[in-house]
Every structure is written in C-alpha cells, then in structure tokens.
Amino acid sequence: MEKETKIRQHHLCLTNTVTHRKEAFEPQHPPLVGMYVCGPTVYGDPHLGHARSAVTFDVVFRYLKYLGYKVRYVRNITDVGHLEHDADEGEDKIAKKARIEQLEPMEVAQYYTNRYHSFMDMMGVERPSIEPLASGHIIEQIELIKKILDAGMAYVENGSVYFDVRKYGQKFEYGKISGRVLEDLLATTRDNLASQDEKHDPADFALWKKAQPEHIMRWPSPWSEGFPGWHTECTAMSRKYLGQPFDIHGGGMDLMFPHHEAETAQSNAAFGCEPCRYWMHNNMITINGKKMGKSLGNFITLEEFFTGKHQALAQAYDPMTIRFFILQAHYRSTLDFGNEALISAEKGLQRLMQVRPVLDRIKPAAQSQAKEALSLLYANCQAAMDDDFNTPILIAHLFDLVKMVNSAADNKIAFTAEDVETARNLYRDFVEDVLGLQQAQSGDKSLRKIDGIMDIVLNIRTKAKMQKDFATSDLIRDELKKLGIVVMDGKDGATWKSE
C-alpha cells in the first residue's frame, strides 16, 4: 500500500511568466502536482541549452518531491513529422537528416533519443514520469484540431488546417505570455502574406499540413494525408496526461513565442481554459557574451564538453561540473559560458563534494557548539529554494556548511554525534536529493581515491615527525600547499582540506 504523503511546511513561491511576479505555489489537488516541460526535437546531439532546461526542471521536480508532493512530470519527445522551421514551411528536420544519412526517420529519432537520455543520465537528470512521443499521439492531435474547428477558430485550406489568430483575438488575449501585441504582429507580418497564400492572415499558424510528395512521414486525417503542426503535440499530450489546467508548464525562454503562445491559444479555443496555472521559463545560454549558435561557430555539444574536443574548450569537463555550473546561476538569469567560469565551477564542486569524507573524520564531542547554527542553516537552505528555486543562494549556504564541517574536523568547533547526523542529513537533502549532485559517480570515485592517497601521505608525514625528520615533514606540508591542499595538525592527528 502506498505510503501517505506528508507535505513539509513551506512557503514556495515561483515566478509566473504571465504575471511577471512571484506567486505562492498552490497546486490544485495537493499532494498531487502536474508538471509539463517541452523536451527536445531529436535530430541532433544535445547541447548546453538542452542541458540547462533539463537541469532546471529536474531541480524543480526534485524539490517538489522533497517537499512531499507526488509529482507527475511529463516531458515530451518531438520525434517525426514536424517542420524544419517554426514557420509553416520547410522540410521535416528528422526526415532531412534521414535523407542525408540514408536512414529511416524513426532510426534517426531513436538514435538521438538514446543519445539524449545517455547524456542526461550522465548529468544526473532524473527521467520524467511520462515521456510521450509526438508520433505516438497523432489521434489526440487530430481530435484537438477538430475541437478548434468546431469552436470556429480554425479553417481548412487545400487540405491544411490553420489556427485563426484574428478570430481568437476577438474572444481571448493573444500574446500575453510573450508580451507581443496582436495588432503589431499582424501589421509587421502582412507583407509576407504573398508567400503564405493559404493563410487568411500571416499570424495564423498550422494545426495540420497536407504532405507534399517528398514529405516522408504522413498520416491520414479528415482533411488530407499529412502531419500535425509543431504546436499541437504539447497541447494534446499535456491534456491527455495531466488534464487542464494543470499546475506548472516549463520550457526555455526561446519557446515563449510562438510555441507557448500557440499552446495557450489552442487550449482556450478547444477547451475554454488556460493550459496551466503557472508558466516557468529558464533563460538562455551565451558564450563569451554571444548567443550560442551553429552559424556563429560557438555551438558546443555536451559530448564535446565531456571530451574537451572543441576549439573553444580549454579542457574536458565532468558532467557534474556542467550541472553545478548551470545551478550556480538562477534559472531566470542569462548563463554565460567561459572556460574560467567552468574551471571555477569545477573547483567549487570539489570543495562541496569533500564534505562527506570530512564528516566521517569528525570525532564527536560531548557538548554541541553548532546545534543552533546547523538548524538555522537547514532553514536557510529551504528558504532559498522556496524563493523561486534560488539555487545560487542555496549553494552559498552549502558552502557555509563546508566551513562548519571543516572547522569541526579541525577541532575549532564542537560537533556532537547528533550534529554530525544533522550535517549528513542536510548534505543528503540539498546536495544530493535537491541539487542532484549525488550521481557524480566518477567524481565520487576520484574523491575517494584522493582521500585514500591523502591518508597514505599524512601517515608518512606522521612517521617522519615521530622520527624527528622534520625536514621531510615540512617538505610534504609545503609541497601539498603548492597544490592547494592545506595540512592541519591537531591533537588527534593531521587532517587536510582543499583551498
């Protein structure tokens, strides 16, 4: 029998993109929470932008579970049947890749889906509760389009179906997520109407496209043999698995327009309600101040980060370093990549991961000098996450934990056995469970090896001191200092820490 869920006392607030302000999070049916996040289009390897969105909403997923909510997290895979561009013309991205590489489109989609999962697993991103494929929900998308047609907010032209944005705007507000004004959109795009002569208005978007002879992926529908527009999949699948309105809809800021604007319009037109209660958007990645993109030559895949095989990279970076680097910035802030920032993140992560072995070296005292400080630290960590998932502030508090634990190991502050257990729980809850840094398996192994090597080195130094070979003892201490390792002599023996 399933254990009863108990929600922790909290005051979680998140920034709702629609209102541009922080709002108290109040799910419709606690302890249940429904969350939908736009996933990848699987025609190429994942890059840093994919990683940022995945890590951002992975932490939201983790923290909601930490608070005691039962979360149904749905993240889609856009696989086949969609267009090269967000506009209503162009070639299917995956079909194009399949044609160039002489593969079946589904073969391309499966290959890059597997690659995406592999890289996300390496970065400690938990799999969602449900991961629906666009191609597996064609029936739901056709039914959605029928409802929009029945509502009088779509029209059929030559076997294609288009959403009528002007008619929608007579009843609902179009542009409230992105802040775009419908009349301005209509005015600025009217000159392009000649190249899109099927549309009644250039701001209209495709719900269903009649397939041209060269289009590989196609399905039968009441209007033509064709394929769905890009926006229909998310509305159809989120409703199927979460109902509407559900609690949280997330994605990258680049999806606000037209994708999320179109999703909102489709939901209102078909079902008379908003798709969700809270919209959350993570900000973009820049590289040395410039937008990341293939055309600029600064496009870096995760594989290139992990192997160091890119001209912009000074070295290879562990997947957990990339995760930690992402979490050092608030999800709504621009994140600028640079080698110096990544190397700094690597050092910071090492400091944080060293807490666990140091805790094992603390000799518990009879009386505590840290109980109140640890209790306050626990509260501060949760308060940081309650404040719109503020991971940079959380990380700052966790470095306070690092200082306290190192001081206890140096016998500068007294930890009781209970204090040690509190520190362990705090580390587990926020470093491992919430930030998701516990899965740095290669890093953990490396740290254990370093810890073992340091024990050997310090034992050699202790023997040298016992034999009054102070020259060797001092040499070991000084050489370690050059490597950024500080040796601390105490009454119970020597300990070490990384600067």
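Residues that are in contact with a Leu (Cβ under 6 Å, 6 or more places away or on another chain) and in a helix (DSSP H, G or I) within the stretch 159-181 comprise just one, 169. All of (1) under 17 Å from residue 156 (Cα atoms); (2) in a strand (DSSP E or B) hold for residue 250 with one exception: (1).
Restricting 195, 224 to those that are modelled with pLDDT of 95 or more and over 22 Å from the mean Cα position of the chain (by Cα) reduces the list to 224. Could you list, in sequence order, all residues of the stretch 422-457 that are open to solvent by 20 Å² or more (accessible area, probe 1.4 Å), of a type outside the set (Lys, Arg) and modelled with pLDDT of 55 or more? Within the stretch 422-457, 422, 425, 432, 433, 438, 450, 451, 452, 453, 455, 456, 457 meet the criteria.
For the stretch 353-388, a tally of residues being within 19 Å of residue 56 (Cβ to Cβ) and either open to solvent by less than 10 Å² (accessible area, probe 1.4 Å) or touching a helix residue (DSSP H, G or I) at 6+ places or on another chain (Cβ under 6 Å) (or both) returns 4. The set of residues in the stretch 395-410 being of a type outside the set (A, V, I, L, M, F, W, C) and closer than 12 Å to residue 359 by Cα consists of 403, 406, 407, 410. For beta carbons closer than 8 Å, sequence separation of 6+ or different chains, a first residue in the stretch 136-148 that is within 12 Å of residue 231 (Cα to Cα) and a second that is part of a helix (DSSP H, G or I) and open to solvent by 20 Å² or more (accessible area, probe 1.4 Å), the qualifying pairs are 144/239; 144/270.
Could you list all residues from the stretch 206-220 that are open to solvent by 90 Å² or more (accessible area, probe 1.4 Å) and closer than 23 Å to residue 258 by Cβ?
So the first thing to find is which residues in the stretch 206-220 are open to solvent by 90 Å² or more (accessible area, probe 1.4 Å), and the list is 210, 212-214, 220.
210, 212, listed by residue number.
Of the residues making up the stretch 23-33, none is surrounded by 23 or more Cβ atoms within 10 Å (Cβ to Cβ), among the β-branched types (Val, Ile, Thr) and not in a strand (DSSP E or B). Go through the stretch 35-67 residue by residue and tally those that are over 15 Å from the mean Cα position of the chain (by Cα), open to solvent by 10 Å² or more (accessible area, probe 1.4 Å) and over 21 Å from residue 298 (Cβ atoms). Going through the stretch 35-67 one residue at a time, the tally reaches 2.
With the condition kept exactly as written, say whether any residue in the stretch 338-349 is in contact (Cβ under 8 Å) with a residue 24 or more places away in the chain and within 14 Å of residue 405 (Cβ to Cβ). Scanning the stretch 338-349 turns up no residue that is in contact (Cβ under 8 Å) with a residue 24 or more places away in the chain and within 14 Å of residue 405 (Cβ to Cβ).
Take residue 243 and tell me if it is of a type in the set (Gly, Ala, Ser), at positive phi, surrounded by fewer than 21 Cβ atoms within 10 Å (Cβ to Cβ) and more than 25 Å from the chain's Cα centre (by Cα). Spelling it out, it is not the case that residue 243 is of a type in the set (Gly, Ala, Ser), at positive phi, surrounded by fewer than 21 Cβ atoms within 10 Å (Cβ to Cβ) and more than 25 Å from the chain's Cα centre (by Cα). The listed residues are 316, 329, 270, and the only one of them that is closer than 30 Å to residue 245 by Cβ, part of a loop (DSSP other than H, G, I, E, B) and of a type in the set (A, V, I, L, M, F, W, C) turns out to be 329.
Conditions tested, residue by residue: (1) modelled with pLDDT of 95 or more; (2) open to solvent by 40 Å² or more (accessible area, probe 1.4 Å).
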site	(1), (2)
390	yes, no
401	yes, no
420	yes, no
461	no, no
477	no, yes
483	no, yes
492	no, yes
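When the stretch 131-168 is examined, which residues are found to be of a type in the set (Gly, Ala, Ser) and over 33 Å from the mean Cα position of the chain (by Cα)? Across the stretch 131-168, the qualifying residues are 151, 152, 154, 159, 160.
Scanning the stretch 113-157 for residues that are basic (Lys, Arg) and under 28 Å from residue 304 (Cα atoms), we see that the one that is most open to solvent (accessible area, probe 1.4 Å) is 127.
On the stretch given as the stretch 89-111, residues that are modelled with pLDDT of 75 or more and open to solvent by 80 Å² or more (accessible area, probe 1.4 Å) total 9. Here is the figure for the stretch 5-21: residues that are in contact with an Asp or Glu (Cβ under 7 Å, 6 or more places away or on another chain) and at pLDDT below 90 total 1.
Within the stretch 287-336, restricting attention to residues that are among the small types (Gly, Ala, Ser) and at pLDDT below 90, which residue is nearest to the chain's Cα centre (by Cα)?
Looking at the filtered set, the residue picked out is 293.
Residues in the stretch 257-286 that are open to solvent by 10 Å² or more (accessible area, probe 1.4 Å), closer than 15 Å to residue 16 by Cβ and either without any contact (Cβ under 8 Å) to a residue 60 or more places away in the chain or touching a Gly at 6+ places or on another chain (Cβ under 6 Å) (or both): 274 only.
The values are calculated or read from the model by the stated rules, or taken from the named source; none is laboratory data. If you're wondering where the values come from, they're calculated on a predicted model, not measured in any experiment. Cβ atoms come from the backbone with ideal geometry, glycine included; neighbour counts cover every protein chain shown. What goes into the accessible areas is simple: the full protein's heavy atoms, side chains included, and nothing from ligands, DNA or RNA. Shrake-Rupley method; radii C 1.70, N 1.55, O 1.52, S 1.80 Å.
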